[in-house]
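S.K.: Next up is a structure, given as structure tokens.
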Amino acid sequence: MTQKPFEIAIIGGGITGVTLAISLLKRNIRCTIYEQAPALGEIGAGLGIAPNARRAMKICDERIFEAFQRVGTYSSDLSGRPVWIDFLDGTSPTPAPELKPKFSIMSPPVGHGGVHRARFLDAMIELLPVNKEGGGEGGILRVGKRLDTIVDNGSGKLQIKFCDGTTAHADAVIGCDGVKSRTRELVVGLDENGNPKEGAKCGYSHKYAYRCMMPTKDVAAQLGEEKCQNPCLWMGPNRHVLTFPVNQGQLLNLVAFVTDEGEWPSKTNTTLPATRDEVFKDFEGFSENVRSLIQMTKDKSDRWGLFDLADNPLQTFYKGRVLVIGDAAHASTPHHGAGAGFCVEDVAILSTLLEDEQVNGTDDLEAVFGAFDKVRRERDQWLVRSSRRAAETYEWRNKEIGTDFEKMEKDINARQGMCWDVDLDKMLVEAREDLGRRLGKTAA
Ligand SMILES: Cc1cc2nc3c(=O)[nH]c(=O)nc-3n(C[C@H](O)[C@H](O)[C@H](O)COP(=O)(O)OP(=O)(O)OC[C@H]3O[C@@H](n4cnc5c(N)ncnc54)[C@H](O)[C@@H]3O)c2cc1C
């Protein structure tokens with residue numbers, strides 16, 4: 001494959017940035033990741049990977065999918081049932097082993113795909129010619145580089161300025177810098193005092209979460225075998241708990257979600273320290289099944305404020321040759337288990353467009369970003385809105401549904417279908433046609 005005559009700067013080395021780098025290098029497109037942290041890394045929590053995400057991985061690079069297959073865990077392999085999530089009454093006094101789901105959402109043929117985030121990121125970093133700290137061939141990863149601003153001085157290359165005073169140059173910048181994206185602030189624009197405009201910031205979704213992983217053997221007697229093998233969502237008023245297996249069923253990932261009518265207490269931190277007693281207090285009124293799970297979590301944990309762009313959807317994902325993708329473009333609450341999957345979809349579409357034979361130079365990059373924005377923004381922003389709604393449903397706060405579990409099952413099935421049944425090939429055809437129009441050419 002001939003090398004494209006342009007170079008891309010990727011801001012942020014999370015799942016989106018790393019997937020993008022692998023995908024671009026496979027297409028012989030030069031790129032460099034600039035990551036603010038001293039090394040690439042993910043937290044020790046679980047991540048659900050759905051069919052749409054797995055299809056998108058294959059478009060990006062088959063090796064990403066293979067990496068997931070190596071470290072991921074499918075519910076069907078553990079329990080023989082292709083279940084996405086069993087929905088349970090988290091307030092029922094029936095002991096967990098005997099408790100029947102109110103309904104189950106199935107995702108044939110393999111069910112829920114769960115993975116330990118840090119293990120998955122490590123498996124992907126192995127596909128890059130660098131190690132986590134940026135050592136290795138080609139210098140395609142620069143760590144300790146926090147984006148400050150981007151200057152278009154008309155010379156062709158964009159100048160990228162970092163908070164440590166250093167600079168770099170590239171033909172285009174792709175912001176994969178997550179919820180607190182600086183690139184998003186630059187795309188939306190700064191006010192006359194150089195401060196980010198209101199519309200560039202994520203808002204508090206009025207939900208927070210506690211996350212932890214525990215050895216499955218410690219909870220097996222309490223939960224019963226099947227509830228350790230299949231993802232379970234323990235519903236209840238204003239709160240819900242999600243559990244699913246990772247590491248081939250050796251670990252159980254737990255996320256406990258709470259509705260918070262107040263404001264998030266910190267202006268600077270989206271994560272605050274918490275104790276098990278506080279979690280316990282938050283789940284007063286839930287059954288012994290749920291409370292005994294909480295009892296087994298660590299004494300000290302964190303409370304994660306869930307911030308998203310539901311109240312401030314971006315009017316555009318790009319400005320000139322600067323684009324945002326992943327959480328930087330559409331930070332979402334996690335209630336469809338799909339945020340990262342949509343990030344990988346973004347990468348699949350964007351890298352295929354950049355590879356397109358119609359794209360021959362720096363002057364074509366803005367058209368690529370325009371075509372990307374056209375085909376992705378509506379779907380990405382739907383997820384943000386629908387995810388908020390899903391949590392209201394799980395917590396019996398959705399006025400149209402309440403505790404009508406038949407209605408609930410239908411609604412969740414339809415929305416998960418929207419997440420999973422995307423036709424990425426069709427989207428790619430549309431994107432290439434749109435690109436052709438923007439470039440004044442006919443798509444091949
Ligand atoms: C509780 C919870 C559960 C979730 N569960 C799921 C799930 O089951 N399935 C799913 O698909 N999704 C899930 N998600 C969503 C998923 O985690 C995100 O969509 C995904 O991780 C976003 O990846 P990203 O690379 O875009 O952003 P991030 O992971 O936030 O990465 C951004 C990177 O950019 C770097 N950075 C930030 N600012 C700068 C700067 N100025 N300069 C340089 N570098 C910078 C950061 O250090 C970081 O490395 C969940 C989210 C939460 C909060």
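S.K.: Going from most exposed to least, what order do R184, R377 have by accessible area with a 1.4 Å probe?
M.R.: Sorted by accessible area, descending: R377, R184.
S.K.: Only helical DSSP H runs with n ≥ 4 go in: add -39500 (n - 2.57) per run for the chain, normalise by residue count and round the 222 nm mean residue ellipticity to 500 deg cm²/dmol.
M.R.: -11000 deg cm²/dmol
S.K.: Can you tell me the length gained on complete extension of the stretch V151 to K217, counting 0.36 nm per residue apart and subtracting the Cα distance?
M.R.: 18.3 nm
S.K.: Highest GNM mean-square fluctuation, the chain, Cα pairs closer than 10 Å: which of P196, P265, P93?
M.R.: Fluctuation is largest for P265.
S.K.: Sticking with this structure for a sec: Using a 1.4 angstrom probe, figure out how much accessible area the chain has per residue, in square angstrom, rounded to the nearest whole.
M.R.: So the chain comes to 41 Å² accessible per residue, rounded to a whole number.
S.K.: Would you work out what percent of the accessible area of the chain, with all protein chains in place, is carbon or sulfur (probe 1.4 Å)?
M.R.: C and S atoms contribute 48 percent here.
S.K.: What number, in percent, do you get for the relative contact order of region 145-273 if the mean sequence gap of Cα pairs under 8 Å and at least 6 apart is divided by its residue count? Present the calculation step by step, with values, prior to reporting the outcome.
M.R.: Values: 181 pairs, mean separation 21.3, N = 129.
Reported as a whole number, the value is 17 percent.
S.K.: Something else now. Starting from the Cα of K281, draw a straight line to each of the lysines and keep only those under 17 Å, dropping any in the same chain fewer than 8 residues away.
M.R.: Candidates past the 8-residue exclusion: K207, K298, K300.
S.K.: Can you classify the chain as rounded, prolate or oblate using the Cα gyration tensor, where a ≥ b ≥ c are the square roots of its eigenvalues, rounded means a/c under 1.5, and otherwise it's prolate if a/b beats b/c and oblate if not?
M.R.: Prolate.
S.K.: May I pose another question? Beta carbons within 10 angstrom, averaged per residue: use that to sort the peptides 308-316, 30-38, 214-222, highest first. Could the numbers behind the result be given before it?
M.R.: Values: 308-316: 18.1, 30-38: 19.9, 214-222: 14.9.
In descending order of packing, they fall as 30-38, 308-316, 214-222.
S.K.: May I ask you to derive the FRET efficiency for M1 and N131 from their Cβ-Cβ distance with R0 = 25 Å, giving the value to the nearest 0.05?
M.R.: The pair M1/N131 has a calculated efficiency of 0.45.
S.K.: Could you identify which residue out of L233, L190, L353 has the top mean-square fluctuation in a GNM of the chain using Cα springs shorter than 10 Å?
M.R.: Greatest mean-square fluctuation among the candidates belongs to L190.
S.K.: At what distance in angstrom do the alpha carbon centres of region 273-302 and region 122-148 lie from each other?
M.R.: After rounding, the separation between the Cα centres reads 38 Å.
S.K.: Follow-up question, since we're still on this one. Taking the simple approach of a point 7 Å from Cα along Cα-to-Cβ for both D311 and R63, what is their distance in nm?
M.R.: 4.4
S.K.: Then there's this: Which order do you get for Y210, Y318 if you rank them by accessible area with a 1.4 Å probe, largest at the top?
M.R.: Descending order: Y318, Y210.
S.K.: Right, another one. Please report the relative contact order for the chain, taking Cα pairs under 8 Å with a sequence separation of at least 6, and give it as a percent rounded to a whole number.
M.R.: Details: 948 pairs, mean separation 87.8, N = 444.
For the chain, the relative contact order is 20 percent.
S.K.: Kindly sort E409, E278 by accessible area of their heavy atoms, largest first, with the probe set to 1.4 Å.
M.R.: Per-residue accessible area, sorted high to low, gives E278, E409.
S.K.: While we're on this one: Express in nm, to one decimal, how much length is gained between D423 and T166 on full extension, taking 0.36 nm for each residue of separation and deducting their alpha carbon distance.
M.R.: Contour length minus Cα-Cα distance gives 88.3 nm.
S.K.: Report, in listed order, any pair from K102/K426; K26/K426; K201/K319; K157/K319; K4/K374 with a Cα-Cα distance greater than 25 Å.
M.R.: Too far apart for the 25 Å limit: K102/K426.
The values are calculated or read from the model by the stated rules, or taken from the named source; none is laboratory data. Every value quoted in this text rests on a predicted model; they were computed, and no experiment measured them. For neighbour counting, all protein chains shown are included, and Cβ atoms are generated from backbone atoms with ideal geometry for every residue, glycine included. We work out accessible area using only protein heavy atoms, side chains counted, and drop any ligands, DNA or RNA first. Shrake-Rupley method; radii C 1.70, N 1.55, O 1.52, S 1.80 Å.
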